[in-house]
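Chemist: Below you will find the structure I want to go over with you.
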Amino acid sequence: MAITDKIYVKNHRQLASQLETNFPKGAFSGATLDILFQGEGLANLDEATQDRVLDFAEDFLDCDCQSNPHCGHPEEKFISYLLDLRAQGLGPEAIVDVMSDDYLVYAYPGDILSFLDDGIRTLEAAEQLADVDGQREQAEAIRRRRKDLSG
């Protein structure tokens, strides 16, 4: 299961009430993306919530793909966002706090920790493969990125 499947809309019940409709709690669920980020529902939200939803849309849903927002690019951008937060030295709990403040989405710190740990293990394997294949520069680039994630 991808980490983006474990990202949830904060204050879900309040938002569903403001929009007068039900939608899934998962932030990257197709129905959630359609309801929250396709314009007409936005007008029913309070100003502070509108700002955060618009920030999310601008940062993750800005894509020229014909199938946007269901093209996979929003999830890729969000994963990069999580990795950048970790590279800034934030731990799982701080990452959850920042994403919650920035975009009104949350995850469980344990899920973020598992995601980061899986990423580190994947980078370790890629680094070893690059070393075995004699790609020293690539191995060093992967090593630096792994150290960024390891903290």
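Chemist: Along the charge dipole of the range 1-40, Cβ charges K/R +1 and D/E -1, which of VAL9, THR32, ASN22 sits furthest on the positive end?
Modeler: VAL9
Chemist: Right, here's the next one. Relative to the compact-globule scaling 2.2 N^0.38 Å, provide the ratio for the alpha-carbon radius of gyration of the range 1-88.
Modeler: With N residues counted in the range 1-88, Rg over 2.2 N^0.38 Å equals 1.07.
Chemist: In debye to the nearest 20, how big a dipole does the chain give about its Cα centre with +1 on each Lys and Arg Cβ and -1 on each Asp and Glu Cβ?
Modeler: 460 debye
Chemist: Oh, and also: Among GLY72, ILE120, ALA130, flag the residue with its Cα farthest along the positive direction of the charge dipole of the range 68-132, charges on Cβ as +1 for Lys/Arg and -1 for Asp/Glu.
Modeler: Going by the Cα projections, it comes out as GLY72.
Chemist: To continue, here is another question. Of all the C-alpha pairs in the range 70-109, what % are more than 14 Å from each other?
Modeler: Summing the P(r) tail past 14 Å for the range 70-109 gives 47 percent.
Chemist: How much area per residue is accessible in the chain when the probe is 1.4 Å and only protein heavy atoms are counted (Å²)?
Modeler: Ligands and nucleic acids excluded, the result is 57 Å² per residue.
Chemist: Here is a further query. Could you calculate, for the chain, the ratio of the Cα radius of gyration to the Kirkwood radius, expressed as Rg to Rh?
Modeler: Ratio of gyration radius to Kirkwood radius for the chain: 1.05.
Chemist: Which value, in Å² and to the nearest 10, is the accessible area of LYS6 when all protein chains are kept and the probe is 1.4 Å?
Modeler: LYS6 exposes around 50 Å² with every protein chain in place.
Chemist: With a 1.4 Å probe and all protein chains left in place, how much of the accessible area of the range 21-65 comes from carbon and sulfur atoms, in whole percent?
Modeler: 42 percent
Chemist: Work out how far the C-alpha atoms of the range 99-151 reach from end to end along every principal axis, then list the three figures in whole Å, largest first.
Modeler: For the range 99-151, the Cα extents along the three principal axes come out at 44, 18, 15 Å.
Chemist: Treating the angle as unsigned and between 0 and 90°, give the value, to the nearest 10°, between the Cα long axis of helix 136-150 and the longest Cα principal axis of the chain.
Modeler: Taking the Cα atoms of the chain, the angle to 136-150 is about 50 degrees.
The values are calculated or read from the model by the stated rules, or taken from the named source; none is laboratory data. Since the structure is predicted, the reported quantities are computational estimates derived from the model, not experimental observations. Reconstructed Cβ throughout: ideal geometry from the backbone, glycine too, with neighbour counts over all protein chains shown. To get the accessible areas, we keep the full protein, side chains included, count just its heavy atoms, and leave off ligands, DNA and RNA. Shrake-Rupley method; radii C 1.70, N 1.55, O 1.52, S 1.80 Å.
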